[in-house]
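Data block below; observations after.
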Amino acid sequence: MRKSTGRRVLDRGAAADLWRHTLSQIPTVFGRLVYLSSLRNVNTDKYEHYGFALMFGEKEADRTLRQSHIQAFSEWLCFNLEEQKADLDLYLSGLGGDKRAIVEAWLRLAPYRHVIPSSARKAERELYLSDFKILLDLLKNEYGASSPDQDE
C-alpha cells in the first residue's frame, strides 16, 4: 500500500472538497461571495452547511467556509474595476431576471453589503463599498435603472 503524499491528503481535505464539488461550479467570484455569505448565520457569525458539516464536522466546516469566503473576498478586491464589472455582468446574466429590476433592487436594498466577511478590515470594507458604488452607477446607466430617491 502506497503512503499518501502531502498533496493527496490536501486533495481530500475540506477545502479541496468544497472547491471541487461546489465553488468551482459557480462561474463568478461575486457569485461565490453571495453563496458563501449565504451560509453565514447572522446571529452567530458561524458558517453552516448541513452536508458539509456531516462530512467534516461543524468546526472544520465553519473554518473552511469562513476561509473560503475571505479568499473569495480578497480575490474580488484584487480585481480592477474592469474585471469587477465583467464578473458582475456575468453574475447578472446568470440570474436570468430583468437586469434593470435587479439593479434597482440593489440600489434600494443594498444586498451587496452582506457579502463582506465579518473579519474584513475597515480599509477592505471601504474599498469594496467604494468600488461597488462605482459599479452600481455604471450598471444604473447601462440598464436605465432609477435610484431609490427618484420618482418612477
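Laboratory data are not the source of any read-out in this text; all were calculated from the coordinates shown. Everything quoted here is computed from the prediction, not taken from an experiment. All Cβ positions, glycine included, derive from the backbone under ideal geometry; neighbour counts span all protein chains shown.
Taking the simple approach of a point 7 Å from Cα along Cα-to-Cβ for both residue 54 and residue 19, what is their distance in nm?
2.5 nm
What order do you get for 72-82, 28-38 when each peptide is scored by the mean count of other beta carbon atoms within 10 Å, highest first?
The densest-packed peptide leads the list: 28-38, 72-82.
Which pairs break 28 Å Cα to Cα here: 99/133; 99/122; 46/99; 85/122?
99/122; 46/99
Please report the relative contact order for the chain, taking Cα pairs under 8 Å with a sequence separation of at least 6, and give it as a percent rounded to a whole number.
Relative contact order comes out at 24 percent.
Segment 22-72 to segment 111-152: how many Å between their Cα centroids?
Using only Cα atoms, the two centres lie 22 Å from each other.
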